[in-house]
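Notes for the one structure printed next.
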Amino acid sequence: MVARVNTVAFQGIEVLGIDVQVQMSGGIVAFTVVGLPDKAVGESRERVRASLHALGLALPAKRITVNLAPADVLKEGSHFDLPIALALLTVMGVLPDVEMARYVALGELALDGALSPVAGVLPAAIDALARDRGLICPEPCGGEAAWAGPGLDVLAPPTLLALINHFKGSQVLTPPRPRVQEAEALAPDLRDVKGNETAKRALEVAAAGSHNLLMIGPPGSGKSMLAARLPGLLPPLDPAEALEVSMIHSVGGLLEGGKLLRQRPYRAPHQSASLPALVGGGSRAKPGEISLAHQGVLFLDELPEFPRPLLEALRQPLETGKAVVSRANHHVTYPARVQLVAAMNPCRCGHLDDASLACARAPKCAADYQSKISGPLFDRIDLHIDVPAVSPADLSLPPPAEGSAEVAARVAVARAIQAERYAALAPAGRAPPRTNAEADGELLERVAGPDAAGRTLLTEAAERLKLSARGYHRVMRVARTLADLDGVDGVRRRHVAEGLSYRRIAPGR
Ligand SMILES: Nc1ncnc2c1ncn2[C@@H]1O[C@H](COP(=O)(O)OP(=O)(O)OP(=O)(O)O)[C@@H](O)[C@H]1O
Ligand SMILES: [Mg+2]
């Protein structure tokens, strides 16, 4: 006899249906799992055996074969424990065959039969609803499964025993309720930053249009401080974005307590991060920092300290908004539409502009230090700003009147203007851009084409500054954001001029 239970495998955030088949037959007593299982899946045999033992059931002394079909897809992760156990219980006659066919199951088993949380419940739930099936998942993941919609039948038992009792009718599992992460109440405020007005303005522009930003300045001038205040300026995710971002975090196993994310992600990986940790992949396919920061901020502090191959690997995702990870026999794509914020010192000692503090090697060391950032990466950054040291006089001033709340309000208005504009203009059938940073090609020309005076300025400056075609378009996008912050329809000369002021010539060149 063969029993079947539905489960899933993940390729990026795409869900593939997997059929868990269990056959019990005569012959030499054995328990084998076939169908390209990775080590975690292979080990599930021991956890399943122990969980059944905890229920007071012994595996029949027969030849048991578990097949995970289709056989050519690599099965990764620990979520195959539950479907394998359910298929075994079905073939043993403990669970009803017909009921099982209506569900997709995923979960990890502890040795005592408790169900432990697993990655990917949210995309699995959305897929199950689309296929008109219910979902069985561990209790801690119930909150995220419930987000798929009220039409989804979710069973989120704490233990295998509770599930069996539910199917036998002796215990009723209450449907889980959707849960959302609370916003952090104590995010740092922009009011703490004294002086540095240009940098604060640039931070506001970056937040409004989701532009990439590079801050260059001496040690202790407030670069890390400014970057930490960016999340406080960004509006929360809208419902569609929240689902999209939470799916990636779910597949990465990072959705705490099964709660949906509402705040924009802010990821600040350390310089020692590995390539798979940053762009995704590794022995088990997982989204990297750049995908976990999707629709939010990726902050790279001390940019030149990151190894060069790591920075170069960011070039493609920054341009396309997708991170492509090569696997043994296929490619996996994760969304990676991020706002890159980076901070660096101008040279190794950091005091290039102050002869009294600079080391003996200045200015030569600056060229060496800054050339660690390649031209193409530099070109992808819309706003380059100098963050000079704050004077003691500025530091002794009372806190500025304007804080994060006031700036965030202006950013929210500018973002709403952009979302409305692009929703009306984007071609049918394609997801419209949400911010100016995403606008491209003909659409960009239509919305961000400056007036005659602005056009002349842009052309002349582009020639003088030797802007690349990408640089030219990035100035147009920033100018569009400046016009949106101003609340005017057309891009004027003053917007182009300010946009150009944020564009420095690549350092060390
Ligand atoms: N503009 C400012 N207003 C108030 N305090 C500031 C300002 N700039 C820096 N500070 C103080 O200096 C500390 C260090 O700032 P921060 O870490 O942001 O410097 P940094 O520019 O990132 O330096 P590094 O290049 O060494 O990383 C802050 O925690 C804060 O106490
Ligand atoms: Mg710093």
(request) Would you check which residues across segment 133-147 are closer than 17 Å to PHE167 by Cβ and either open to solvent by 10 Å² or more (accessible area, probe 1.4 Å) or aliphatic (A, V, I, L, M) (or both) and list them? (result) ARG133, LEU135, ILE136, GLU139
(message) Restricting to segment 174-225, count the residues that are part of a loop (DSSP other than H, G, I, E, B) and within 16 Å of ligand 2 (Cβ to nearest atom).
(response) 9
(message) I need a count of the residues in segment 258-270 that are open to solvent by 40 Å² or more (accessible area, probe 1.4 Å) and not hydrophobic (A, V, I, L, M, F, W, C).
(response) 6
(message) On the basis of being more than 27 Å from the chain's Cα centre (by Cα), hydrophobic (A, V, I, L, M, F, W, C) and open to solvent by less than 10 Å² (accessible area, probe 1.4 Å), does VAL407 make the cut?
(response) no
(request) Quick one: which residue in VAL66, VAL104, VAL33, VAL22 is open to solvent by less than 50 Å² (accessible area, probe 1.4 Å), assigned to a strand (DSSP E or B) and within 17 Å of LEU135 (Cα to Cα)? (result) VAL104
(message) For the list (1) in contact with a helix residue (DSSP H, G or I) (Cβ under 6 Å, 6 or more places away or on another chain); (2) within 23 Å of PHE299 (Cβ to Cβ), I need the number of the one condition that ILE417 fails.
(response) (2)
(message) Looking at PRO231, PRO218 in this structure, which one is touching a strand residue (DSSP E or B) at 6+ places or on another chain (Cβ under 7 Å) and within 16 Å of ligand 1 (Cβ to nearest atom)?
(response) PRO231
(message) Please verify whether ARG308 is more than 25 Å from LEU255 (Cβ to Cβ) and in contact with a helix residue (DSSP H, G or I) (Cβ under 7 Å, 6 or more places away or on another chain), treating the condition exactly as stated.
(response) no
(request) Return the residue satisfying two criteria in turn: it lies in segment 202-215 and is more than 8 Å from ligand 1 (Cβ to nearest atom) and either under 16 Å from ARG504 (Cβ atoms) or among the hydroxyl-bearing types (Ser, Thr, Tyr) (or both), and of such residues it is surrounded by the most Cβ atoms within 10 Å (Cβ to Cβ). (result) ALA206
(message) Just to check your reading of the model, which residue among ARG380, ARG430, ARG315 is basic (Lys, Arg) and in contact with an Asp or Glu (Cβ under 9 Å, 6 or more places away or on another chain)?
(response) ARG380
(request) Kindly list the number of the only condition in (1) open to solvent by 10 Å² or more (accessible area, probe 1.4 Å); (2) modelled with pLDDT under 95 that fails for ALA110. (result) (2)
(request) Could you identify the single residue in ARG262, ARG229 that is away from ligand 2 (no atom under 14 Å from the Cβ), among the basic types (Lys, Arg) and assigned by TED's automatic domain parsing to the domain that holds ARG327? (result) ARG262
(message) Need the failing condition index for THR174 against (1) assigned by TED's automatic domain parsing to the domain that holds VAL390; (2) surrounded by fewer than 16 Cβ atoms within 10 Å (Cβ to Cβ); (3) polar (S, T, N, Q), just the number.
(response) (1)
(request) Read through the list (1) under 16 Å from the mean Cα position of the chain (by Cα); (2) within 16 Å of ligand 1 (Cβ to nearest atom); (3) aliphatic (A, V, I, L, M), then give the number of the only condition that VAL193 fails. (result) (1)
(request) Taking the residues in segment 370-400 that are among the β-branched types (Val, Ile, Thr) and within 18 Å of LEU318 (Cα to Cα) as candidates, determine which candidate is surrounded by the fewest Cβ atoms within 10 Å (Cβ to Cβ). (result) ILE373
(request) Scan segment 157-207 residue by residue and report those that are in contact (Cβ under 8 Å) with a residue 24 or more places away in the chain, among the hydrophobic types (A, V, I, L, M, F, W, C) and more than 19 Å from ALA85 (Cα to Cα). (result) VAL180, ALA183, ALA187, LEU190, VAL193, ALA199, ALA202, LEU203, VAL205, ALA206, ALA207
(request) From (1) open to solvent by 30 Å² or more (accessible area, probe 1.4 Å); (2) within 28 Å of the chain's Cα centre (by Cα); (3) not small (Gly, Ala, Ser), pick out the condition that doesn't hold for GLU445. (result) (2)
(request) Could you tell me which numbered condition GLY429 fails, if it satisfies all but one of (1) farther than 23 Å from ALA462 by Cβ; (2) assigned to a helix (DSSP H, G or I); (3) not assigned by TED's automatic domain parsing to the domain that holds GLY209? (result) (2)
(request) From GLY321, GLY288, GLY281, GLY296, grab the single residue that is crowded, with 20+ Cβ neighbours inside 10 Å and at positive phi. (result) GLY281
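The values are calculated or read from the model by the stated rules, or taken from the named source; none is laboratory data. Remember, predicted model here, so these are calculated numbers, not experimental data. Counting neighbours? That spans all protein chains shown, and the Cβs are built from the backbone with ideal geometry, glycine included. Ligands, DNA and RNA are excluded from the accessible area calculation, which covers all protein heavy atoms including side chains. Shrake-Rupley method; radii C 1.70, N 1.55, O 1.52, S 1.80 Å.
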